[in-house]
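Take a look at the structure below.
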Amino acid sequence: MGRYDEVFRKSVEDPAGFWGEAAEAITWTKRWDKVLDDSNPPFYRWFVGGTLNTCYNALDRHVEGGRADQVALIYDSPVTGGTVQKFTYRELRDQVATFAGALKALGVGKGDTVIVYMPMVPQAAVAMLACARLGAVHSVVFGGFAPAELAVRIDDAKPKVIVSASCGIEGAKVLAYKPLLEKAIDLAAHKPEKCVILQRPQVQAALKPGYDLDWSEVTARATPADCVPVAATDPLYILYTSGTTGLPKGIVRDNGGHAVALRWSMDNIYDVHPGEVFWAASDVGWVVGHSYIVYAPLLTGCTTIFYEGKPVGTPDPGAFWRVISQHGVKVLFTAPTAFRAIKKEDPTGQYFKKYDLGGFKYLFLAGERLDPDTYHWASDLLKRPVVDHWWQTETGWPIAANCLGIEALPIKPGSPTKGVPGYDVQILNDAGKLLGPNQEGIVAVKLPLPPGTLPTLWQADDRYVSSYMSVFPGYYFTGDGGYLDDDGYVYIMGRVDDVINVAGHRLSTGGMEEVLATHPDVAECAVIGVADSMKGQVPIGFVVLKAGVDRSATDIQKELVQMIRDQIGAIACFKEASVVSRLPKTRSGKILRGTMRKIADGETYSIPSTIDDPAILGEIESALQGVGYAKK
Ligand code: COA
Ligand code: AMP
């Protein structure tokens, strides 16, 4: 039996023993009474009775343990004229303690919620860690979301304070954040008590006296705050992610299990160790940013990189190679779409050849399917392991991966390799029956899930059970379809629900339909995700107009596109909406989105026997061809 098999077997046969051992790598203020409390399934709790502070483990512990002068975080920002700022563990600890003091002075304490709506500036990490220091619960909202999306999150998380910035910088565009924040607060029923605004030199936000506070002023008068021990099972953060409706799911992350799992993942999955440089080129607004820009590298005593830029255009497709070489990055983690963008602009890797990348060991990719073309291009260019791994906001760390720190298994392009220790991945059919090798079905994980995964949804235990746990009792329902091959390698074929992945960003087509349906001329609509050679998937819409509407279809289409931009955000990349006479449906009225998607992607499809009117498929095909899809 290989080393991976041995470790995996131990993790599923004796989860308490396995994770109890891993937990020794974390500093606890009180040791746990029980590693795994499985007395109330499907609610599993890890390290019950234990107390700790996540910020202490991410910063203070390293300062006290000899890493005070090691660089903890490098801010590299090509969009602000090439800013590079380095923070040692001591400096970062001091800034976090001071900002925690500022939040404390605003009345933020253990259990309070704080929304962080910020671009990729180091103060975003400072704000997150400051909340963790106080035992407060942060909820970071991606800066690309429109005010309406932010408002939904404000109403659900009910933050005492919102921390934001005057602007974000997207390539060459400077986007003022304050007007978006104000609009969101106007839209929301819940009103935060105060906002703290980081003024960036590119835009001065107008602050409302007494309500908006300037980051630099509140920190100048703050007294540093100490770490507050919290229960291992207390929430560290809420991160909203798209579900099948417009109401996002508030994924909860606890403190203890999260620290243990992330710390373990660095050595065992990524083969990264204290003192080394790890770079996740993502955004703090996504789970990758939470886990692998902020928490995991810092819990491990690594140097992490906060990159405010894009893979291309800031200034060129050599941006990633420049950062890796300049900062001595050992492991890069990003989304396949970033590599497709680089490949498009530099297909022969001329920029790659310009840099000395001696210390660069592995590329990890996740967030969407890694298509074999991109895999081969990246691996031929880099001549280093290119590791696909599969995970979700819900799990917070990889479900399937090639665990390089345990045993490098042979790579099979198209597969994220095997279940990570702790995740017993199985394939079920619709009736919940286990399927054999090479049979495609729904990918599920046998309970209990390992530590660090979602213990519930924020104040929505019932939704947690109905969304994930009651579909197949005894299993976590991942929402992905796929299969295992004869060697137990996992293949993820795509979502089985209304979630799509656009440039590695998770979005809900159901949420987009809810927006389109509010257009006064629209009777009904459908949004599907279609294959896109750059972004993996992009959404396109179909609308049926109300009887008697005789306005120009082009005008209506433009309005629909603008509505999604305004209400969800530009990141939805919603650019096409076709007006059709009817939507294809089954006789019972279910819209045949799967069939529409196959037509759009030029795949062969069979006409469902339950369809009420097959003739409509021809109209859908022409509409798709009109916007460049449905090519044979
Ligand atoms: N704030 C505001 N707007 C944002 C934003 C942010 N943080 N991020 C993206 N947007 C906007 C963009 O400006 C763009 O607007 P436009 O339609 O007005 O041009 C729109 O949202 C789409 O953005 P994006 O999908 O990022 O497209 P792009 O063409 O700017 O860049 C890539 C393409 C491939 C370079 C980029 O998507 C990328 O780097 N993806 C990697 C994603 C990633 O790291 N995912 C995390 C999971 S690991
Ligand atoms: P998110 O919650 O944004 O991380 O998105 C999770 C979803 O992205 C998963 O359910 C998958 O559909 C998809 N995904 C993430 N990583 C991969 C991967 N390596 N291969 C295929 N799909 C992936």
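Since every read-out is calculated from the coordinates, none of them should be taken as a lab result. Please read these numbers as outputs of a predicted model, since none were measured by experiment. Cβ atoms come from the backbone with ideal geometry, glycine included; neighbour counts cover every protein chain shown.
In table form, for the structure just shown:
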quantity: Additional length obtainable on full extension of the chain from Val174 to Arg9, 0.36 nm per residue less Cα span; calculated: 54.3 nm
quantity: Integer Hz, Karplus 6.51/-1.76/1.60 couplings in order for segment 7-21, x for Gly and Pro; calculated: 5, 4, 4, 4, 5, 8, 7, 9, x, 5, x, 4, 7, x, 5
quantity: Amide H partners (placed H, <5 Å) of Val530, local residues excluded; calculated: Val538, Ile540
quantity: DSSP beta bridge pairing in the chain, given as percent antiparallel to the nearest 5; calculated: 60
quantity: Rounded to whole Hz, the Karplus (6.51, -1.76, 1.60) HN-Hα couplings of segment 569-580, x for glycine and proline; calculated: x, 4, 5, 5, 6, 8, 10, 10, 9, 9, 8, 10
quantity: Leu434/Asp94 FRET efficiency (R0 45 Å; Cβ-Cβ; nearest 0.05); calculated: 0.25
quantity: Cα-based convex hull volume of segment 167-309 per residue, rounded to whole Å³; calculated: 183
quantity: Estimated distance in nm for a label pair at Gln204 and Lys590, the labels positioned 7 Å out from Cα along Cα-to-Cβ; calculated: 6.0
quantity: Förster-model FRET efficiency, 56 Å R0, Met1 and Asp550, C-beta, rounded to 0.05; calculated: 0.20
quantity: Computed log₁₀ I(q)/I(0) - Debye formula, equal Cα scatterers, no solvent, the chain, q 0.11 Å⁻¹; calculated: -1.12
quantity: Most to least packed among 324-334, 48-58 [average Cβ atoms within 10 Å]; calculated: 48-58, 324-334
quantity: Ellipsoid equivalent to segment 503-626 - semi-axes via the Cα gyration tensor, in Å; calculated: 22, 19, 13
quantity: Amide H within-cut-off set for Thr303, under 5 Å, with H built and near neighbours excluded; calculated: Gly275, Glu276, Val277, Phe278
quantity: Approximate spin-label separation Lys110-Ser581, in nm, with each point projected 7 Å along Cα-to-Cβ; calculated: 6.7
quantity: DSSP bridge orientation in segment 503-626 - percent antiparallel, rounded to nearest 5; calculated: 75
quantity: Centroid-to-centroid separation of segment 412-471 and segment 317-339 [C-alpha atoms, Å]; calculated: 31
quantity: Modelled FRET efficiency - R0 25 Å, Glu193 with Glu217, Cβ distances, 0.05 increments; calculated: 0.90
quantity: Residue-by-residue Karplus 3J(HN,Hα) for segment 227-232, coefficients 6.51, -1.76, 1.60, Hz, glycine and proline x; calculated: 6, 9, x, 10, 5, 3
quantity: Label point 7 Å beyond Cα of Gln326 along Cβ direction - residues of segment 261-287 with amide nitrogen under 19 Å; calculated: 277-284
quantity: Theoretical gain in end-to-end length, Gln426 to Ser622 [0.36 nm per residue, Cα-Cα removed]; calculated: 66.6 nm
quantity: Long-range HN-HN contacts of Gly243 with modeled amide H, under 5 Å; calculated: Lys249
quantity: The chain - charge dipole about Cα centre, Lys and Arg +1 at Cβ, Asp and Glu -1, debye rounded to 20; calculated: 820
quantity: Gain upon complete extension [Glu345, Asp487; 0.36 nm per residue less C-alpha separation]; calculated: 47.4 nm
